[in-house]
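Worksheet: one structure, shown below.
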Amino acid sequence: MKRSLRGYIFAAFLVLPLTMVGPKISYGTPVASDNEIDVSAGFFHTQGTHTGSFNADVSYGYYLTPGWELGLRQALNYDFIDGGRDSWRATTTPFLFYNFQFGNIVPFLGLAGGIVWNDRNITGTLGPTAGVKFFLSEQTYLGLRYRYEWFFHSIKGFQNNADHGQHVANIGIGFVWGGSRKP
């Protein structure tokens with residue numbers, strides 16, 4: 001019984017953004033020359049341990065067209081390790097996304113690549129990103145995003161590390177402004 005109740009709560013959490021935008025459709029989607037700022041965060045905790053992770057992202061994007069977006073993301077990941085040394089990683093990555101226009105729901109796919117660094121190391125990263133933006137008003141959205149990051153020190157190292165990356169999922173809020181919207 002517990003398991004099915006958790007499933008219903010999880011399903012309700014996933015459907016919540018749709019209920020908030022469903023009754024009043026705003027059709028607030030990005031247009032060419034829009035600027036975008038997005039702030040998001042995520043975390044996980046391993047059950048039965050005191051180990052977990054927190055991540056936060058801030059990104060800026062510029063819409064070349066209503067679909068194509070070019071931008072830069074700065075992320076921070078902090079790992080809490082039970083009985084060990086906590087660690088952190090910062091990620092600085094330019095990105096290119098394609099935003100699919102479906103009214104006030106805007107799914108996107110893209111690619112990001114850049115550097116990952118901390119107080120001891122620096123390395124390269126590259127990987128795909130996917131997500132969806134639920135526009136709550138003309139210029140404000142709730143965003144859900146996922147990315148996979150491969151780490152490498154050289155092009156040859158990238159080929160050998162393709163299956164040793166990290167999964168990152170975030171939820172956040174974003175704002176678009178400045179484009180050429182018609183009155």
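The values are calculated or read from the model by the stated rules, or taken from the named source; none is laboratory data. Everything numeric here is computed off the predicted structure, so don't read it as measured data. Cβ: placed from backbone, ideal geometry, glycine included. Neighbour counts: every protein chain shown. When the accessible area is computed, the model is the full protein with side chains, heavy atoms only, and any ligands, DNA or RNA have been set aside. Shrake-Rupley method; radii C 1.70, N 1.55, O 1.52, S 1.80 Å.
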Checklist entry - Residue check, W177 against (1) modelled with pLDDT of 75 or more; (2) surrounded by 15 or more Cβ atoms within 10 Å (Cβ to Cβ); (3) not β-branched (V, I, T), all met but one. Which one? => result (2)
Next on the checklist: With the requirement that a residue be of a type in the set (K, R) and over 16 Å from P128 (Cα atoms), what does segment 58-115 give you?
Outcome noted: R85, R89
Checklist entry - Quick one: what pairs do we get from segment 66-89, first residue closer than 15 Å to Q166 by Cβ and touching a residue at least 12 places away in the same chain (Cβ under 8 Å), second hydroxyl-bearing (S, T, Y) and not in a loop (DSSP other than H, G, I, E, B), C-beta under 6 Å, 6+ apart or different chains? => result R73/S59; R73/T93; A75/T91; D79/S53; D79/S87; W88/Y78
Checklist outcome for this item: Of the residues in segment 29-52, those that are assigned to a strand (DSSP E or B) and either touching a helix residue (DSSP H, G or I) at 6+ places or on another chain (Cβ under 7 Å) or over 19 Å from A112 (Cβ atoms) (or both) number 4
Item to check | Close pairs (9 angstrom Cβ cut-off, 6 or more residues apart or separate chains): free of Cβ contacts under 8 Å to residues at least 60 places away in the same chain in segment 31-43, open to solvent by 30 Å² or more (accessible area, probe 1.4 Å) and in a strand (DSSP E or B) anywhere | outcome: F43/F54
Item to check | Failed item in (1) modelled with pLDDT under 80; (2) open to solvent by 70 Å² or more (accessible area, probe 1.4 Å), with V21 passing the rest | outcome: (2)
Next on the checklist: I'm trying to understand the selection: among the residues of segment 106-143, which are modelled with pLDDT of 95 or more, of a type in the set (A, V, I, L, M) and more than 21 Å from L70 (Cβ to Cβ)?
Outcome noted: L142
Item to check | Residue list for segment 127-154, filter: within 29 Å of W177 (Cα to Cα) and open to solvent by 60 Å² or more (accessible area, probe 1.4 Å) | outcome: L136, E138, Q139, Y146
Checklist entry - What number of residues in segment 101-126 are crowded, with 18+ Cβ neighbours inside 10 Å and among the polar types (S, T, N, Q)? => result 2
Next on the checklist: Taking the conditions exactly as written (modelled with pLDDT under 95 and either of a type in the set (A, V, I, L, M, F, W, C) or within 21 Å of T91 (Cβ to Cβ) (or both)), does Q159 satisfy them or not?
Outcome noted: yes
Checklist outcome for this item: When segment 127-147 is checked residue by residue, the ones that are free of Cβ contacts under 8 Å to residues at least 60 places away in the same chain and among the small types (G, A, S) are G127, A130, G131
Checklist entry - How many residues does segment 60-100 hold that are over 17 Å from the mean Cα position of the chain (by Cα), β-branched (V, I, T) and either farther than 27 Å from L136 by Cα or open to solvent by less than 40 Å² (accessible area, probe 1.4 Å) (or both)? => result 1
